[in-house]
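Here the structure is laid out as structure tokens; the discussion comes afterwards.
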Amino acid sequence: MTDSSALHPEAVPPQSAIPKADVVLPCLDEAGALPWVLDRIPDGWRAIVVDNGSTDGSAELARSLGASVVTEERRGFGAACHAGLLAAEAEFVCFCDCDGSLDPALLAGFVRRIADGECDLLLGRRRPEGRGAWPPHARAGNLALARMLRRRTGLRLHDLGPLRAARRSDLLALDLTDRRSGYPLQMVVRASDAGLRVAETDVPYRPRTGKSKVTGTWRGTWHAVRDMRGVLREQPADAPAVRAPASAAPTGTGAAR
């Protein structure tokens, strides 16, 4: 497995320079990947594994490896993510898939950039490594959503990847309501509407451990796209912005706004 810090040396600052954060890990039958994922959580950070109905012992394994485990009975990616957000206590909250496709160690660099004022919500733009890391149907669905997002918000993002970080207070103020596949997109849409600076940076994306629960098939991918189209039809709220609008945030690969 390639060392992510070698690919992105700027992404992993010295441990003493990293603000503390909680990492939300939505989990449904991920026992095969959990040991590696939890081992990659930055020192001093809390891993919050949100068990969403696992039957393979994921919750028990996560506890044995030192993670905080939250049980979310309602099925859905958004339900699991939001339960983790509500359980988080740190100033910064990060999200990462629990399947081994993304390296949570890179989140240290994400949080550092937010703390330094470069942006308010930072997303990982997935760069596939290895055969089958990002199937064509999943990539096509993501591209379609990125284009629809640009029309809705003006954000020039290339990916809506699950590796991301922001301040907990900013995320809670967005009042996110989607509890299915639209949750990650709703986070970006409402952040943009609220005047938060949204940016993306390259991250390696590897073949996942186990079977995908959402985008493993064309049917699953387009069900997710359908869910997300509803999010894109939301009208901007009339409430004041969470944070005053700012100029486009810098990214590792290009545009944010």
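Every read-out reported here was derived from the displayed coordinates using simple, explicitly stated rules and does not represent laboratory data. Computed from a prediction, not measured in an experiment: that's the story for all the values here. Cβ atoms come from the backbone with ideal geometry, glycine included; neighbour counts cover every protein chain shown.
Between R75 and E91, the simple label model (points 7 Å from Cα in the Cβ direction) yields a spacing of 4.0 nm. For the range 77-134, the set of trypsin sites (Lys or Arg not before Pro) satisfying both a DSSP loop assignment and a count of at most 14 other C-beta atoms within 10 Å is given as R131. If you take the square roots of the eigenvalues of the alpha-carbon gyration tensor of the range 71-128 and sort them as a ≥ b ≥ c, do you get rounded (a/c under 1.5), prolate (a/b over b/c) or oblate? Oblate shape, in that a/c is at least 1.5 and b/c is the bigger or equal ratio. Taking a ≥ b ≥ c as the square roots of the Cα gyration tensor eigenvalues, with a/c under 1.5 meaning rounded and otherwise prolate when a/b beats b/c, else oblate, which class fits the range 73-195? Note, shape of the range 73-195 comes out rounded. The length gained on full extension between R131 and R150, counted as 0.36 nm times the residue separation minus their Cα-Cα distance, comes to 3.9 nm.
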